[in-house]
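Visitor: Mind looking over this structure? Questions follow.
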Amino acid sequence: MVTSKDVIEALKSVMDPELNMNIVEMDMVRSATVSGDRVIVTLALTTDSCPMSNRIKADSEKALRGIPGVKDVEVVLEVMSEEERNLLIEKLKARGGPSQLPGKLPRKGIGKIIAVLSGKGGVGKSSIASLLAVEISRRGKKVGVLDADITGPSIPKMFGEIVSPFVMEGKIIPGISKQGVKVISMNLLLDKEEAPIIWRGPLVSSAIRQFYSDVDWGTLDYLIIDLPPGTSDAQLTVMQLIPVDGVVVVTSPQELASMIVSKAVNMSQMMTVPVMGVLENMSYIKCDRCGNVMYPFGESKAKLFAEKINAKFLGSLPLDPRLSVAADAGLIEAYESKEFKTIADTILA
């Protein structure tokens, strides 16, 4: 007769390939129920986006079917609570392992990964992500843009004519702009760019993961990730799973914007993703005729904000009608800005 002890012993053969520990040792086995020749096991994954979930489930099912007398197997996947994760981290520390749970997807042929982040919408974050990609491309580097704003994608609109993505040998070949920037965005996959994406968090997280791991990016010097505003599933997925080297924080002069952006900065720091610096967008207006400078949203506060969070101040950009026209016309690659070139120099230094 099969017992719970038999089940636990069998599951000791199932290893987490990243931590090199078995799932029993990791306290992933929440319950094991035996009813005659049927076994039901509940496992707690370290994260809801665990990249090894399918493998762990398949290995567990195989181990359970190997128990003499077992004919029917069911493996249920759940997610560890914060308390359970902290206990596992302490166990890893005690055995000399990493103090943080792994789970990052492989970098493959990508050199550096930069995410553009802002807790608040409407600060021009997607424009900054596009400008950064274009400026890197102008310097002879191979660059890609991952539009992680799944429900509000705007990157394709700014780049205009993009060779559409297609699937080849099970991999998504990204779209390519006129200057050779590789782009993947939900709007490139829709029949109509106005069609809404009405998805819950898990579907958004899954799409972002596919955009990174199922796209054949080839060899890139830089991958720029345009994150949506806020601190929800999309941001969490990128910071947990993608090996981001740093984030560029975009804000605007209003104190309200700085307060909301602080939430995104705190999230980045909690996820141990370095802040590369703070960029203030729409900081001022400069008159083309007289050269006078006006501050429509009040005097710049970004330098003080950067000092407050102990980050580098990257610089300020003006409200520029030329940028709006270029973005609306899909000509972001034709737009040039001396101010942004200086900021790019600092980011890429």
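Visitor: So which residues in region 158-184 are over 15 Å from G218 (Cβ atoms) and either under 21 Å from the mean Cα position of the chain (by Cα) or buried (at least 18 other Cβ atoms within 10 Å of the Cβ) (or both), if there are any at all?
Guide: Scanning region 158-184 gives M158, F159, I162.
Visitor: Among the numbered criteria (1) modelled with pLDDT of 85 or more; (2) surrounded by fewer than 19 Cβ atoms within 10 Å (Cβ to Cβ); (3) closer than 30 Å to K303 by Cβ; (4) among the aliphatic types (A, V, I, L, M), which one does L256 miss?
Guide: For L256, the exception is condition (1).
Visitor: Note down all Cβ pairs under 8 Å where the first residue falls in region 122-141 and is assigned by TED's automatic domain parsing to the domain that holds V247, the second is part of a loop (DSSP other than H, G, I, E, B) and surrounded by fewer than 21 Cβ atoms within 10 Å (Cβ to Cβ), and they're at least six residues apart or on different chains.
Guide: So the pair list comes out as S126/S154; L131/Y335; L131/S337; V134/Q179; V134/Y335; S137/Q179; S137/G180; R138/Q179.
Visitor: Quick one: is A207 assigned to a helix (DSSP H, G or I) and touching a Pro at 6+ places or on another chain (Cβ under 7 Å)? Break it down stepwise before answering.
Guide: Details: assigned to a helix (DSSP H, G or I): yes; touching a Pro at 6+ places or on another chain (Cβ under 7 Å): no.
For A207, the condition - assigned to a helix (DSSP H, G or I) and touching a Pro at 6+ places or on another chain (Cβ under 7 Å) - is not met.
Visitor: Any chance region 55-63 includes a residue that's modelled with pLDDT of 85 or more, in a loop (DSSP other than H, G, I, E, B) and over 22 Å from M271 (Cα atoms)?
Guide: no
Visitor: Another question about this same structure. Determine, yes or no, whether L132 is modelled with pLDDT of 95 or more and either within 28 Å of K192 (Cβ to Cβ) or not polar (S, T, N, Q) (or both).
Guide: Yes.
Visitor: List the strands (runs of 3 or more DSSP E) that sit entirely inside region 210-284 and contain at least 2 residues that are in contact (Cβ under 8 Å) with a residue 24 or more places away in the chain and more than 20 Å from P106 (Cβ to Cβ).
Guide: Filter on region 210-284 gives 246-251, 275-280.
Visitor: Hey, among T46, T33, T42, T3, which residue is crowded, with 17+ Cβ neighbours inside 10 Å and of a type in the set (S, T, N, Q)?
Guide: T46
The values are calculated or read from the model by the stated rules, or taken from the named source; none is laboratory data. Quantities reported herein were computed from a predicted structural model and do not represent experimental measurements. FYI the Cβ positions are ideal-geometry reconstructions off the backbone, even for glycines, and counts take in every protein chain you see.
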